[in-house]
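Undergrad: Let me give you the structure first, and then I'll get to my questions.
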Ligand code: SAH
């Protein structure tokens, strides 16, 4: 009978050490193997030159290093790239967004999304499951390997991936058990060695998970607020009926107290939906709501999704909204839409083309 191999991408340093101890090796082996995996992008034990023949044989029989595989690559005219990746059972999506000062990889955390925000394509896809640690970390591994080895001919200018945003398909804080170890690997010097200020979790706001996160790790948090009142938020984000604006903001406020990654300010995301949340009164309500929360507000022009009755606010409306918030001395930016031509923008990710409408079941 063939035993199921352990995928080492599922193990953060602590667990990788435990694994080596459990097979009669020293914990130091974890350091060596992590370096091979995350610094050299090596997934072949036979190529790990500082490991004995005997251990190579043992590892080949007990373990594997397996990341999701790329099955399709889409290139936007603005330099954004979207990869459709195949996990062992389903597909997921990862996006690369080059900018002047940083180059960001946007990764997914779940297959489908249970939250069903009414303006988001990911929510129209049936929720299937959480991504495993190896599927989360494997998205980064797969793409960073391409950049490290410069193996993709269609990429003209290879630039260093500087930032990771967990903003793809799914709600990361509903998969906190896998997100935290995956973040450990992103932060670890023997892993990807990314600074905590360059890793962002975008969340619809799950207070108990935010509390848990504050005890376990420190990264940048972005709250998808999208409405100045519970009445509006209930309509566009059903999760608000469970965790209202106040409960989200107060858990974020507590997170800020212990976080260094956020430099004392939380990011608030606000999608601009015509006649829904974008009038002058809404801007004043939002400013008053956020008066006591140290934050940066990111206004996001809504990206079109097929079959939706929403419209993006006009540029004039977005600018008016922006100017009102500015008058309150709030820090506000307007997000530039990227990768729209390949459906790689916020809220356009589905992992597949077929549209499935599903009941909310939180
Ligand atoms: N579940 C997480 C992360 C995934 S969505 C969250 O809610 O934050 C990433 C961001 O894109 C969120 O702010 C989300 O509200 C926003 N978004 C979703 N659909 C969008 C669309 N069609 N246009 C613009 N932004 C969208």
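The values are calculated or read from the model by the stated rules, or taken from the named source; none is laboratory data. What you are looking at is a predicted structure, and each value in this text was computed from that prediction instead of being measured. Heads up, the Cβs are rebuilt from the backbone with ideal geometry, glycines too, and the neighbour counts pull from every protein chain shown.
Undergrad: Can you find, within the range 223-258, the residue that is surrounded by the fewest Cβ atoms within 10 Å (Cβ to Cβ) among those that are over 22 Å from the mean Cα position of the chain (by Cα) and not in a helix (DSSP H, G or I)?
TA: Among those that are over 22 Å from the mean Cα position of the chain (by Cα) and not in a helix (DSSP H, G or I), it is 242.
Undergrad: I've got another one for you. Would you confirm whether any residue within the range 198-210 is surrounded by fewer than 21 Cβ atoms within 10 Å (Cβ to Cβ), in a helix (DSSP H, G or I), at pLDDT 95 or above and in contact with a strand residue (DSSP E or B) (Cβ under 7 Å, 6 or more places away or on another chain)?
TA: Yes.
A quick yes/no check of all residues on (1) in contact (Cβ under 8 Å) with a residue 60 or more places away in the chain; (2) in a loop (DSSP other than H, G, I, E, B); (3) more than 10 Å from the ligand (Cβ to nearest atom); (4) surrounded by fewer than 19 Cβ atoms within 10 Å (Cβ to Cβ):
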{"position": "92", "(1), (2), (3), (4)": "yes, no, yes, no"}
{"position": "108", "(1), (2), (3), (4)": "yes, yes, no, no"}
{"position": "126", "(1), (2), (3), (4)": "yes, yes, yes, yes"}
{"position": "139", "(1), (2), (3), (4)": "yes, no, yes, no"}
{"position": "145", "(1), (2), (3), (4)": "yes, no, yes, yes"}
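Undergrad: Still on this structure, I have one more. Are any residues in the range 160-180 over 17 Å from residue 344 (Cβ atoms) and either more than 13 Å from the ligand (Cβ to nearest atom) or assigned to a helix (DSSP H, G or I) (or both), and if so, which ones? Even if it seems obvious, please write down each step before you answer.
TA: Of the residues in the range 160-180, the ones over 17 Å from residue 344 (Cβ atoms) are 160, 162, 171-180.
Correct list: 160, 162, 172, 173, 174, 176, 177, 178, 179, 180.
Undergrad: Same structure again: Taking the options 212, 235, 198, 242, name whichever one is in contact (Cβ under 8 Å) with a residue 12 or more places away in the chain and in contact with a helix residue (DSSP H, G or I) (Cβ under 7 Å, 6 or more places away or on another chain). Before the answer, list the steps.
TA: Details: 235 fails: in contact with a helix residue (DSSP H, G or I) (Cβ under 7 Å, 6 or more places away or on another chain); 198 fails: in contact with a helix residue (DSSP H, G or I) (Cβ under 7 Å, 6 or more places away or on another chain); 242 fails: in contact with a helix residue (DSSP H, G or I) (Cβ under 7 Å, 6 or more places away or on another chain).
Criteria check complete, one pass: 212.
Undergrad: Related question: All but one of (1) within 16 Å of the ligand (Cβ to nearest atom); (2) at positive phi hold for residue 193, so report the exception by its number.
TA: (1)
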